[in-house]
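Worksheet for the structure shown next.
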Amino acid sequence: MTNKFKIPFFPFTGVNHHGQSILFGGALLENEKEETFEWLFEHFLKCMFGKYPKTIIADQDKAMGNAIKKVFPKTQQRFCSWHIRKHENEHLRSYVSRYSDFQETHRQWVNSDSIEQFEAILEDMRIKYELESYCWISDMYYQRIHWAKPFLKDIFFAGMTTTGQSESISSFFDGFVNSRTMLNEFVVQYDKAVESRRVAEEDEDFKTMNSRPVLSSVRPIEAKAEESTYRVGQLDVDKKYWRIVTFHSLNQVSVTCSCCMYETNGILCKHSLYVMKKKHVQELPSHYILQRWTLEARYKLGSVSIGLGEINNENGVSAYTLFCVRSNFTKLIEQARDSPSEIQKLNTILISLLDDQVNRKKSMPLENASQSSCMRALQVDMMPQLSIWDPLGPTTTKGRQGLGHYATSSSKRKADESLQET
């Protein structure tokens, strides 16, 4: 994303336990040089308390890739599949026009399930289509560990294969910033956009805590100590594309599939679930429910779960406790709104509780109140005063296009920009 000064904005994005796009942070950069990316990643690492990301998805920018290797040496980098497909259209057009079956063969190569299949198909392509030694496919082959499925099938990516999360994050900045937003305004609006995303996550948390999923099967479990292998696929699809599923229940129910969706996404695939259904497994084994996709992913410190009583301390009430209280209060109103008498009863109780809190505040020692006031004043004084100015002129970038100026796609805004440029 860029503004009218062509300053690139780099967001760090991911997905939460609801599969929603979330924003870990972001930066406005002066340029796209390797040392700039190093500075960016080092400061991001500081903000994350020194915790390295396990995986990172980015485009094929060389400067960014070198910076990732230096700052995140143990992090697995994956190339964005959307950018790869875009480059395919540019570099493979001549082969597609010359050979009618090239596109299908290339698709089989990209979707290979094993390293052996990946290597064999490429060798056939080199002979059949007379691939040049220094063509784009050869270049991608040398970088295969960053994009090819056989080399990434056992690495967890939370279901992400593209930087599309960044692009969807860009869309929620619409309504908060546009191409004419000044940098000092951007900082304020950025916080508002992040807060709106947090509210959306809290809404999903509330729905999860106050609803139950609808089960599609009520069949009893008939566990058998056996190991079986199945080929699973749709009847109208060529069997060579079917998946191999292995099921056994010697000590506990275990299932593996050649598509490796569980290994990369953390969620069992439809092939595994189909076999489990056929084997009359009623309940999903607990070891297939990753904490990463539960509420514990948000309300947990290290390996210790956080309860309402544990997350409060002598310094005050936690944000999570306040969230739960607000959620229960909202739910109570929704339950009573169909009865005027119940609403009146609820209002009487709330007024009584409010009076109790007012009296409690009045009875607090003046000394504590004075200390609290001084502490608040000190906290206000300690807030850093930032002066943010727009640059004197446009910044030169490498030309990678995002979703427009500060990620807006409305026709009206585009018309305003073109009018401003003329």
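Quick note: the coordinates plus some simple rules give every number you see, no bench work behind them. Please read all numbers here as calculations on a predicted model, not as lab measurements. Virtual Cβ from ideal backbone geometry, glycine too; neighbours counted across all protein chains shown.
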For this session: Please give, to one decimal in nm, the separation of the simple spin-label points placed at residue 229 and residue 337, each 7 Å out from Cα toward the Cβ.
Result: 5.7 nm
For this session: Give the order of 29, 354 when sorted by the count of other beta carbons within 10 angstrom, beginning with the fewest.
Result: 354, 29
Exercise. Tell me, what is the FRET efficiency for residue 192 and residue 292 to the nearest 0.05, using R0 = 35 angstrom and their Cβ-Cβ distance as r?
Worked result: 0.80
Problem set entry | For the stretch 234-239, Karplus couplings with θ = phi - 60° (6.51, -1.76, 1.60), whole Hz, Gly/Pro x | 7, 5, 8, 10, 3, 5
Problem set entry | Additional length obtainable on full extension of the chain from residue 30 to residue 254, 0.36 nm per residue less Cα span | 75.5 nm
Exercise. Label-point separation (nm) for residue 92 and residue 127, each offset 7 Å from Cα along Cα-to-Cβ?
Worked result: 2.1 nm
Seminar exercise, completed: On the formula 1/(1 + (r/R0)^6), with r taken between the Cβ atoms of residue 349 and residue 241 and R0 of 51 Å, the FRET efficiency rounded to 0.05 is 0.25
Exercise. Suppose R0 equals 35 Å; then what is the FRET efficiency for residue 100 and residue 70 from their Cβ-Cβ distance, rounded to the nearest 0.05?
Worked result: 0.20
Seminar exercise, completed: Proxy exposure order for 203, 154, 61 (fewest C-beta within 10 Å first) is 154, 203, 61
Problem set entry | Ranked 279, 33, criterion: other C-beta atoms within 10 Å, fewest first | 33, 279
